[in-house]
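Data first, discussion second: the structure below is written as structure tokens.
The values are calculated or read from the model by the stated rules, or taken from the named source; none is laboratory data. Just so it is clear, the structure is predicted and the values come from calculations on it, not from any experiment. Don't worry about glycine lacking a Cβ; one is built from the backbone with ideal geometry, like all the others, and counts go over all protein chains shown. Accessible surface areas use protein heavy atoms only, side chains included; no ligands, DNA or RNA. Shrake-Rupley method; radii C 1.70, N 1.55, O 1.52, S 1.80 Å.
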Amino acid sequence: AQRVTQPEKLLSVFKGAPVELKCNYSYSGSPELFWYVQYSRQRLQLLLRHISRESIKGFTADLNKGETSFHLKKPFAQEEDSAMYYCALRAGGGYNKLIFGAGTRLAVHP
Amino acid sequence: DAGVIQSPRHEVTEMGQEVTLRCKPISGHDYLFWYRQTMMRGLELLIYFNNNVPIDDSGMPEDRFSAKMPNASFSTLKIQPSEPRDSAVYFCASSSPGRTGTEAFFGQGTRLTVV
């Protein structure tokens, strides 16, 4: 069965500190992983996906198949990064099932 | 395109009443998802459709929950009878893997309160 685990409900850091939001997954096939973000009073939106191997707003995430992880990182947190972050997994094989973890709230303090 | 549109934005109802949540996906998208968001469990996938056909409803919590997609531009999630533990934010999302990649686009959500 597919599963996404985000072990931290809340991550609280000071501005300028490094950030790492953890995500582990369980999937027998070849996964496609995403990070979605929900800013206050805004829609949930895509932040980045592993196949793009890109950096968005200073965030990066590397898929580690050996550790079945897809942690989200940023070297220097900004106050505007405060939001709810969700890790997501797309089950392939033509099914396109998209499941999410429980989410981590990132609070960046001045 | 205005994006995924959900209505109502807020719903307060009494226990035992029927509740219907509505969703209009982005035009041309062939996948539609219903999620429930709670503090304890985060975003849970309830059901999803492909080309108006339900593909996986294993996340629907009970028989009190039902979802339909009568055409490509409209879907409903119904709870009958509603209970206080159904209080949550319900999100609808749509995607089109063939056109826009595998990104899912979300609506603003419906905040349901059952008293």
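Annotations for the structure displayed:
- Verdict on A:N96 being within 13 Å of chain B (Cβ to nearest Cβ) and free of Cβ contacts under 8 Å to residues at least 24 places away in the same chain: yes
- Test: residue in the range B:63-83 that is within 14 Å of chain A (Cβ to nearest Cβ), farther than 20 Å from B:K24 by Cβ and not charged (D, E, K, R): no
- Condition met for A:L72 (among the hydrophobic types (A, V, I, L, M, F, W, C) and under 15 Å from A:E8 (Cβ atoms)): yes
- Checking each residue of the range A:11-20 against the condition of being within 19 Å of A:I99 (Cα to Cα) and either away from chain B (no Cβ under 14 Å) or open to solvent by less than 30 Å² (accessible area, probe 1.4 Å) (or both) gives no match.
- Elements of type strands (runs of 3 or more DSSP E) contained in the range B:34-108, each with 2 or more residues being of a type in the set (F, W, Y) and crowded, with 20+ Cβ neighbours inside 10 Å: B:42-50, B:88-95
- Any hit, the range B:17-24, residues being part of a loop (DSSP other than H, G, I, E, B), within 23 Å of A:Y86 (Cβ to Cβ), within 14 Å of another protein chain (Cβ to nearest Cβ) and not basic (K, R): no
- The residue pairs whose first member lies in the range B:34-55 and is in contact (Cβ under 8 Å) with a residue 40 or more places away in the chain and within 11 Å of A:F100 (Cβ to Cβ), whose second member is small (G, A, S) and not in a strand (DSSP E or B), and whose beta carbons are closer than 8 Å, counting only pairs six or more residues apart or on different chains, are B:Q37/B:G109; B:L43/A:G101; B:L43/A:A102; B:L43/A:G103.
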